[in-house]
1. I'd like to check something: does the stretch 42-56 contain any residue that is part of a helix (DSSP H, G or I), over 30 Å from Leu175 (Cα atoms) and modelled with pLDDT of 95 or more?
2. Would you check if there is a residue in the stretch 122-130 being among the acidic types (Asp, Glu), closer than 27 Å to Glu35 by Cα, free of Cβ contacts under 8 Å to residues at least 60 places away in the same chain and surrounded by 13 or more Cβ atoms within 10 Å (Cβ to Cβ)?
3. Give just the number: which of (1) outside any helix (DSSP H, G or I); (2) away from the ligand (no atom under 15 Å from the Cβ); (3) modelled with pLDDT of 95 or more does Arg99 not satisfy?
4. Can you name the strands (runs of 3 or more DSSP E) wholly within the stretch 104-200 that have at least 3 residues being within 15 Å of the ligand (Cβ to nearest atom)?
5. Just to be sure, is Ser49 in contact (Cβ under 8 Å) with a residue 40 or more places away in the chain, under 22 Å from Pro177 (Cβ atoms) and either of a type in the set (S, T, N, Q) or in contact with an Asp or Glu (Cβ under 7 Å, 6 or more places away or on another chain) (or both)?
6. Out of Ser41, Ser95, report the one residue that is touching a Gly at 6+ places or on another chain (Cβ under 6 Å) and either crowded, with 19+ Cβ neighbours inside 10 Å or of a type in the set (D, E, K, R) (or both).
7. Only one residue in Ala162, Ala118 is loosely packed, with under 12 Cβ neighbours inside 10 Å, touching a strand residue (DSSP E or B) at 6+ places or on another chain (Cβ under 8 Å) and either over 25 Å from Val29 (Cα atoms) or among the aromatic types (Phe, Trp, Tyr) (or both). Which one?
8. Given the conditions (1) out of contact with any strand residue (DSSP E or B) (no Cβ under 9 Å at 6 or more places or on another chain); (2) free of Cβ contacts under 8 Å to residues at least 12 places away in the same chain; (3) surrounded by fewer than 13 Cβ atoms within 10 Å (Cβ to Cβ), and given that Gly63 satisfies all but one, which numbered condition is not satisfied?
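The values are calculated or read from the model by the stated rules, or taken from the named source; none is laboratory data. This structure is a prediction, so every number in the text was calculated from the model and none was measured. As a convention, Cβ positions derive from the backbone with ideal geometry for all residues, glycine included, and neighbour counts pool all protein chains shown.
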Amino acid sequence: MCLVIAAGKQRMKKSIVWATAFIVMTGAVSAGEVEDRAAASRAAVKQFSGVLKGQLVDAIKTGGPQSAIEVCNLTAPQVAEEVSMQKGWRVARTSLKLRNPTNAPDAWEKAVLEKFEARKAAGENPAKMEFFEVMDNGGKKEFRYMKAIPTAEKPCLACHGAKVKPEVGKALAKLYPNDKARGYNKGDIRGAFTITQPMK
Ligand code: HEC
């Protein structure tokens with residue numbers, strides 16, 4: 001009886017040693033860590049989008065969409081930079097149809113955006129759409145997260161819809177001569193928030 005227990009314990013010890021060695025060798029990441037990083041990403045997206053939307057709505061109220069373009073142009077990258085610095089991550093926005101070419105997706109982001117479109121076509125609501133995974137970047141692990149940005153009627157269509165006011169169109173054309181981010185409808189996926197967290 002005792003012998004059996006001892007042998008069982010021995011086996012268990014051995015398997016723990018093997019499991020630990022396996023994790024060290026392969027660098028496996030625990031499900032708990034992945035979930036924690038996803039939750040932290042969701043919180044950062046909430047912070048980023050909250051600040052952006054607040055500034056956008058305020059600017060539209062005071063000067064109309066035309067003057068809010070400048071806010072988007074200057075504030076969006078600035079807020080992204082601030083949140084990135086705070087966290088030590090890369091936090092940005094991207095899209096398959098870009099307004100600002102500096103927001104261009106990399107290969108992984110483009111593939112995720114395409115998956116989001118396929119999920120939407122299959123009937124999923126973009127409001128809750130997200131995707132994350134641990135990636136290997138030249139021997140360094142990173143946690144990557146994306147969350148879809150749905151197009152709301154207000155205020156988005158004033159600057160991303162098919163019909164924008166002539167003065168808005170003019171101001172956009174001046175800043176973004178290659179603007180592809182027009183012609184959207186309510187409920188479309190405008191793009192996504194994208195986060196890269198370096199891992200130890
Ligand atoms: C006042 C005009 C205006 C409104 C309203 C507006 N945007 Fe934009 N949007 C812009 C401008 C200008 C940029 C380019 C920002 C930059 O230079 O990084 C942009 C860029 C973006 C991007 C980054 C990808 C890209 O195409 O460069 C996303 C995503 C986006 N907008 C989503 C939205 C959503 C969602 C809404 C509604 C909540 C919205 N926008 C409302 C003007 C606007």
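1. The initial filter retains those residues of the stretch 42-56 that are part of a helix (DSSP H, G or I), namely 42-56.
Restricting the remaining residues to those that are over 30 Å from Leu175 (Cα atoms) gives 42-43.
Right, trim to modelled with pLDDT of 95 or more and you get 42-43.
Yes, some residue in the stretch 42-56 is part of a helix (DSSP H, G or I), over 30 Å from Leu175 (Cα atoms) and modelled with pLDDT of 95 or more.
2. Here is the first cut: in the stretch 122-130, the residues among the acidic types (Asp, Glu) are 124, 130.
Then drop every residue that is not closer than 27 Å to Glu35 by Cα, which leaves 124, 130.
Those left that are additionally free of Cβ contacts under 8 Å to residues at least 60 places away in the same chain: 124.
Filter once more, keeping what is surrounded by 13 or more Cβ atoms within 10 Å (Cβ to Cβ): 124.
Yes, that holds for at least one residue.
3. It fails just one condition, (2).
4. Numbers: elements: 130-137, 140-150, 189-198.
Once the strands (runs of 3 or more DSSP E) in the stretch 104-200 are filtered for at least 3 residues that are within 15 Å of the ligand (Cβ to nearest atom), what remains is 140-150, 189-198.
5. Working: in contact (Cβ under 8 Å) with a residue 40 or more places away in the chain: yes; under 22 Å from Pro177 (Cβ atoms): no; either of a type in the set (S, T, N, Q) or in contact with an Asp or Glu (Cβ under 7 Å, 6 or more places away or on another chain) (or both): yes.
Here the answer is no, as Ser49 does not meet what is asked.
6. On the way: Ser41 fails: touching a Gly at 6+ places or on another chain (Cβ under 6 Å).
Going through Ser41, Ser95 in turn, the sole match is Ser95.
7. Values: Ala118 fails: touching a strand residue (DSSP E or B) at 6+ places or on another chain (Cβ under 8 Å).
Testing whether each residue is loosely packed, with under 12 Cβ neighbours inside 10 Å, touching a strand residue (DSSP E or B) at 6+ places or on another chain (Cβ under 8 Å) and either over 25 Å from Val29 (Cα atoms) or among the aromatic types (Phe, Trp, Tyr) (or both) leaves just Ala162.
8. (3)
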